[in-house]
């Protein structure tokens, strides 16, 4: 499971931020996970809960926001959020689209104390 390596990298980033900002701990971590990122939110939560002990994130709140797929149609320029995994424009039904959100995972917010 690559969720464990993602959590390790996230915890390392938290440690770096605590050190750089002369803080003592992290109180909140917010991440955004795209549905096409390949990251399973439940597994990420479990991995974070498992590995955060005895780190600067030991007692922090971990919030996961799941991002749906957002597309832009190259034919009609409509931007849409997809509710289903049907990769076509809901307005003109073209499959000539760009995916503009929902493929990545981002660290959105850290709260330090």
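Values computed for the structure shown
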quantity: Selection from region 25-42 of residues that are within 29 Å of residue 99 (Cα to Cα) and in a strand (DSSP E or B); calculated: 29, 30, 31, 32, 33, 34
quantity: Selection within region 43-77 - part of a helix (DSSP H, G or I) and touching a strand residue (DSSP E or B) at 6+ places or on another chain (Cβ under 8 Å); calculated: 44, 45, 48, 49
quantity: Number of the condition not met by residue 41 [criteria: (1) surrounded by 15 or more Cβ atoms within 10 Å (Cβ to Cβ); (2) within 16 Å of residue 106 (Cβ to Cβ); (3) in contact (Cβ under 8 Å) with a residue 40 or more places away in the chain]; calculated: (3)
quantity: Meets criteria (touching a strand residue (DSSP E or B) at 6+ places or on another chain (Cβ under 9 Å) and part of a loop (DSSP other than H, G, I, E, B)) for residue 83; calculated: no
quantity: Residues that are closer than 21 Å to residue 46 by Cβ and without any contact (Cβ under 8 Å) to a residue 12 or more places away in the chain, drawn from region 1-21; calculated: 5, 9, 12
quantity: Matching residues, region 1-24, being assigned to a loop (DSSP other than H, G, I, E, B) and touching a strand residue (DSSP E or B) at 6+ places or on another chain (Cβ under 7 Å); calculated: 21, 23
quantity: Some residue of region 53-63 being modelled with pLDDT of 95 or more, under 16 Å from the mean Cα position of the chain (by Cα), surrounded by 12 or more Cβ atoms within 10 Å (Cβ to Cβ) and over 19 Å from residue 113 (Cα atoms); calculated: no
quantity: Which numbered condition residue 10 misses (of (1) modelled with pLDDT of 95 or more; (2) surrounded by fewer than 16 Cβ atoms within 10 Å (Cβ to Cβ)); calculated: (2)
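The values are calculated or read from the model by the stated rules, or taken from the named source; none is laboratory data. Remember, predicted model here, so these are calculated numbers, not experimental data. Counting neighbours? That spans all protein chains shown, and the Cβs are built from the backbone with ideal geometry, glycine included.
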